[in-house]
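Single-structure report; data block below.
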Amino acid sequence: MKKSILFVILDQYADWEAAYLSSAFYMLGNGAYEVKTVSLTREQVTSIGGFRALPDFDLDSIPADYEAVILIGGMSWRKDEAGKVKSLVDNCLEAGKVLGGICDASAFLGTVGALNNVSHTSNDLNDLKQWAGEAYTGEKNYIMRQAVRDHNVITANGTAPLEFAKEVLLALKAAPEKAITDWYDFHKLGYYTVSLPQDATSWND
């Protein structure tokens, strides 16, 4: 059975923040992974770029067996209804699964207390503190870096979809480390310095 990766996408989600990571599971994972989308309901959601998606699950129909929960940033995380995602975040942490959040979704993790005991980053520390208020006590663990991985929790700012993808892939051991770093280097540095694989499986050679 394939391992499910749950991508949480709210209306006006940042489609580019999901694209590298979601495709990498299929390129590097040798058929072991499947990407599933989750939203507040199963109604259509539209990305900032205009892509329309019908979520596979709403918050009440999420399968018990999954490998990771990935919160994709966007324009809706500061709305009150986004707070409903907290139960999924809590369940993911309690189960010891991989949890990721990028851009405003990383700051959302601060608002639900998920960042207080792990090293992390976000778009801006002051914004995170102001938004999260008393729920956030992890300032000493904040690192000004594109992406940060601490155990099973990965955070990134909105300019770092590739760095975020790399850290999530490494946390899950979705492929050999060299395959992951080669994949990252190819997309980050370009084909002038990294060879283009002949097919998706050759990333793992």
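The values are calculated or read from the model by the stated rules, or taken from the named source; none is laboratory data. Just so we're clear, the structure is a prediction, and the values are computed from it rather than from any experiment. No Cβ is skipped: glycine too gets one built from the backbone with ideal geometry, and neighbour counts run over all protein chains shown. Remember, those area values only see protein heavy atoms, side chains included, never the ligands or the DNA or RNA. Shrake-Rupley method; radii C 1.70, N 1.55, O 1.52, S 1.80 Å.
Can you pull the percent of the stretch 1-90's accessible area that's carbon plus sulfur, 1.4 Å probe, other chains left in place?
Roughly 50 percent, rounded to a whole number.
Could you report the chain's accessible area per residue, 1.4 Å probe, as an integer in Å²?
About 49 Å² of surface per residue is accessible.
Sort 101-107, 182-188, 56-62, 3-9 by packing, meaning the average of other beta carbons within 10 Å per residue, with the highest value first.
Top of the packing list down: 101-107, 3-9, 182-188, 56-62.
What does the extension gain come out to for residue 19 and residue 177, with contour length at 0.36 nm per residue minus their alpha carbon separation?
Here the answer is 54.9 nm.
Taking only C-alpha pairs under 8 Å that are 6+ residues apart, what is the relative contact order of the stretch 26-129 in percent?
The normalised contact order for the stretch 26-129 reaches 20 percent.
P(r) for the stretch 26-168: what percent of alpha-carbon pairs falls in each 5 Å bin, starting at zero?
In order of increasing distance, the bins hold 2, 10, 19, 23, 22, 15, 7, 2, 0 percent.
Return a whole-number percent for the relative contact order of the chain, with Cα pairs under 8 Å and 6 or more residues apart as the contact set.
After rounding, I find 20 percent.
Taking the Cβ of residue 32 as the center, what net charge do the other residues with Cβ under 11 Å away carry, scoring Lys and Arg +1 and Asp and Glu -1?
Cβ neighbours under 11 Å give a net charge of +1.
Can you pull the one-decimal nm distance between simple spin-label points at residue 185 and residue 51, each 7 Å off the Cα toward Cβ?
Between residue 185 and residue 51, the simple spin-label model gives 2.7 nm.
For every helix of n ≥ 4 consecutive DSSP H residues, a contribution of -39,500 (n - 2.57) applies; sum these over the chain, divide by its total residues, and give [θ] at 222 nm rounded to the nearest 500 deg cm²/dmol.
It lands at -9500 deg cm²/dmol.
Give me the distance in nm between label points sitting 7 Å out from Cα along the Cα-to-Cβ direction at residue 137 and residue 94, one decimal.
2.0
Would you please name the trypsin sites (Lys or Arg not before Pro) within the stretch 143-176 that are DSSP coil residues with at most 12 other C-beta atoms within 10 Å of their C-beta?
Those that pass, being in a loop and sparsely packed, are 173.
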